[in-house]
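Participant: Pasting a structure here, questions to come.
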Amino acid sequence: MVRRREPTDPRQVTFQSPDNSEPLAKPRTRSTPTRTKKAQWTQLINTGTRLDAHTNERLDNVCASTGLGLQQVWETAINYYCDQFDPPIPKTMPDQTDLDIPRFTRRASVDEEEETLVTARITPNTRARLVEACHRQHEPGRVVIPAALNAWFDHLDKGGRRSW
């Protein structure tokens, strides 16, 4: 017969026999949290273009002065630009609208090394309005996006600072 000693040293281990019916892990008493909202950034579409140094500097200045982020500036500028058309581009585009931005079929004459690639994630509705603006002007997104940004920057410079 094996003699059991009472542990006096706290570092000493006491083993339990395998026939013990108690479970080793305690059951969870609280449920795991469930997600109630879908992540919003997954619905946004990457949209990018190359900006010349002047437009890029204006973009930085507007972000700093308004406190808006890059995405908010792009959203506001594109929507402002689309509202200027006659007739204006609808504020809410149909769900099945094409989201492919037209591209150049020929090589651009501007030196791409002097331009900076800027990308923002915009909502599908804003992207659809941008595509419609490209189609109405018969220009690619590379021309329309800087035009939209500069049009909104000009609007802000003329005193329309409360348009956002």
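The values are calculated or read from the model by the stated rules, or taken from the named source; none is laboratory data. Predicted, not measured: the structure shown is a model, and the values here were computed from it. Here the Cβ positions follow ideal geometry from the backbone for every residue, glycine too, while neighbour counts run over all protein chains shown.
Participant: I'd like the residue in the range 80-109 that is modelled with pLDDT under 90 and surrounded by 11 or more Cβ atoms within 10 Å (Cβ to Cβ) and, out of all such residues, is nearest to Ile45 (Cα to Cα).
Facilitator: Per the stated criteria, the residue is Leu99.
Participant: Continuing with the same structure: Just one of Thr126, Thr119 is among the polar types (S, T, N, Q), under 22 Å from Leu70 (Cα atoms), at pLDDT 90 or above and out of contact with any helix residue (DSSP H, G or I) (no Cβ under 8 Å at 6 or more places or on another chain); which is it? Can you show your working first?
Facilitator: Numbers: Thr126 fails: out of contact with any helix residue (DSSP H, G or I) (no Cβ under 8 Å at 6 or more places or on another chain).
Only one candidate passes the filter, namely Thr119.
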